[in-house]
């Protein structure tokens, strides 16, 4: 099993940036994904993106991510 805390915790609350999938941004959070009954992978939340990986650590896809305040500011 992947230890997300060991792998990504040192990026939280620092100026360190994660450089992965052509994204060079600070990590905001990370966590597990599931299908309702089993773990299927994990995600990494950066300042502007959320990237998804399977349990074999293969990149699956990424989403652009905006906070509610960003959406309000863009109106």
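Quick notes on this structure:
- Members of segment 42-65 that are surrounded by 12 or more Cβ atoms within 10 Å (Cβ to Cβ) and not in a strand (DSSP E or B): 47, 48, 55, 65
- Residue within segment 5-19 that is surrounded by 13 or more Cβ atoms within 10 Å (Cβ to Cβ), in contact with a helix residue (DSSP H, G or I) (Cβ under 7 Å, 6 or more places away or on another chain) and either at pLDDT 95 or above or not in a loop (DSSP other than H, G, I, E, B) (or both) present: yes
The values are calculated or read from the model by the stated rules, or taken from the named source; none is laboratory data. Computed from a prediction, not measured in an experiment: that's the story for all the values here. Every residue, glycine among them, receives a Cβ derived from its backbone with ideal geometry; neighbour counts consider all protein chains shown.
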